[in-house]
Amino acid sequence: MVDEAMEALNVHPGGRYVDCTLGAGGHARAILERIQPEGRLLGIDADPVALETAALFLSDFKSAVVLAQSNFAELGQVCREQGFAANDGILFDLGVSSMQLDIAERGFSFQREAPLDMRFDTTSGPSAADIVNHYSEQELARILWEYGEERYSRQIAHRIVEQRPILSTLRLAHLVQQVLGSRRGRIHPATRTFMALRIAVNRELENLKVALDQSKGLLRTGGRLVVISYHSLEDRIVKQFMRAEAAEHAFSLIAKKVIRPTSTELRSNPRSRSARLRVAECLA
Ligand SMILES: C[S@@+](CC[C@H](N)C(=O)[O-])C[C@H]1O[C@@H](n2cnc3c(N)ncnc32)[C@H](O)[C@@H]1O
């Protein structure tokens, strides 16, 4: 949803923007192309590999771009350290990148054999294997139910605990498949389990709440906050945040309804099917 994001951010020459989820740098590049010659962009990602890839991809923009390996839960501190205390736009394009899904060793994919990792930041924090092998059955069931809306959360959690240690992606995927049998329709039986674990490993919902709260103090009057989410729980957090801020007259809602990908984008990029974009403008 690059075009939609650029329009929502109201990207203009000379502006200052923060991309909190740099990934391979696709959105960042689109911003940089529109803010030349005077504009500047700060790109943040927790994933050191994403940062390396984006640094190469954006190298022609030289000093117009500053990159930081950090969790966006530290947004306020990173922005102030890098001289981005007042911005024209802040972008979040949440979740996992195609690049991360495609690198088997990262452990995000239930279709490729790898250690159960799933961390965005490979340098710190517990991995999916730590959660799968050390959490209680009850806690595992809660994660699968809350974050994956997995109807068979308790049965899967029970089987996990019975079969531990589980160290690889395919072993976990196979175990889930055994529990669910042919009960699933079109999606792979392990889809919900893997998504739930990824959200838990990276504390995605907690970090999003913290970062949205910090974004308030980092926008100029008229600055835009744009969030693209891929999960109903994330979208609910964004919607509630923007509505609460609008009620306090701190933000105004630019699009009252969520923006979805066009049918052309859905054809060329099927992974965008669950994308929902929300945008608000800073009034304070
Ligand atoms: C969907 S991808 C972004 C793709 C990017 N917009 C592009 O054009 O290539 C999401 C990225 O956000 C990063 N990410 C997710 N949660 C994060 C967090 N709490 N802090 C920093 N980066 C995060 C992931 O590592 C991933 O690279």
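The values are calculated or read from the model by the stated rules, or taken from the named source; none is laboratory data. This one's a predicted model, so the numbers in the text were calculated from it and none came from an experiment. Reconstructed Cβ throughout: ideal geometry from the backbone, glycine too, with neighbour counts over all protein chains shown.
For the reader, a short list of remarks on this structure follows.
Residues checked against (1) within 15 Å of the ligand (Cβ to nearest atom); (2) farther than 20 Å from Arg220 by Cβ; (3) aliphatic (A, V, I, L, M); (4) in a strand (DSSP E or B):
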{"site": "Gly23", "(1), (2), (3), (4)": "yes, yes, no, no"}
{"site": "Ala30", "(1), (2), (3), (4)": "yes, yes, yes, no"}
{"site": "Leu56", "(1), (2), (3), (4)": "yes, yes, yes, no"}
{"site": "Val78", "(1), (2), (3), (4)": "yes, no, yes, no"}
{"site": "Gly89", "(1), (2), (3), (4)": "yes, no, no, yes"}
{"site": "Leu101", "(1), (2), (3), (4)": "yes, yes, yes, no"}
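- For segment 154-162, the condition of being within 16 Å of the ligand (Cβ to nearest atom) and more than 30 Å from Gly83 (Cβ to Cβ) holds for none of the residues.
- If you go through segment 4-21 and keep only what is of a type outside the set (Val, Ile, Thr) and either assigned to a helix (DSSP H, G or I) or within 14 Å of the ligand (Cβ to nearest atom) (or both), you end up with Glu4, Ala5, Met6, Glu7, Ala8, Leu9, Tyr17, Asp19, Cys20.
- Screening segment 103-128 for residues that are part of a loop (DSSP other than H, G, I, E, B) and touching a Gly at 6+ places or on another chain (Cβ under 9 Å) and picking the one that is surrounded by the most Cβ atoms within 10 Å (Cβ to Cβ) gives Met118.
- Residues located in segment 178-208, provided they are more than 11 Å from the ligand (Cβ to nearest atom), surrounded by fewer than 17 Cβ atoms within 10 Å (Cβ to Cβ) and not hydrophobic (A, V, I, L, M, F, W, C): Gln178, Gly181, Ser182, Arg183, Arg184, Gly185, Arg186, His188, Thr191
- Residue check for Thr264: at pLDDT 95 or above, of a type in the set (S, T, N, Q) and loosely packed, with under 14 Cβ neighbours inside 10 Å: no
- Of everything in segment 118-131 that is closer than 16 Å to Ala50 by Cα and not hydroxyl-bearing (Ser, Thr, Tyr), the residue that is nearest to the ligand (Cβ to nearest atom) is Phe120.
- Apart from one condition, Val65 fits all of (1) within 13 Å of the ligand (Cβ to nearest atom); (2) touching a residue at least 24 places away in the same chain (Cβ under 8 Å); the exception is (1).
- The listed residue being within 18 Å of Phe72 (Cα to Cα) and modelled with pLDDT of 95 or more, out of Leu175, Leu144, Leu225, Leu140: Leu225
- Close pairs from segment 222-237: first under 22 Å from Glu146 (Cα atoms) and among the charged types (D, E, K, R), partner part of a strand (DSSP E or B) and within 14 Å of the ligand (Cβ to nearest atom), Cβ under 7 Å, at least 6 apart: Asp235/Ser229; Asp235/Arg276
- Every residue from segment 118-159 that is under 18 Å from the mean Cα position of the chain (by Cα) and without any contact (Cβ under 8 Å) to a residue 40 or more places away in the chain: Ser124
- Residues being outside any strand (DSSP E or B) and near the ligand (Cβ under 9 Å from one of its atoms) - total across segment 40-50: 4
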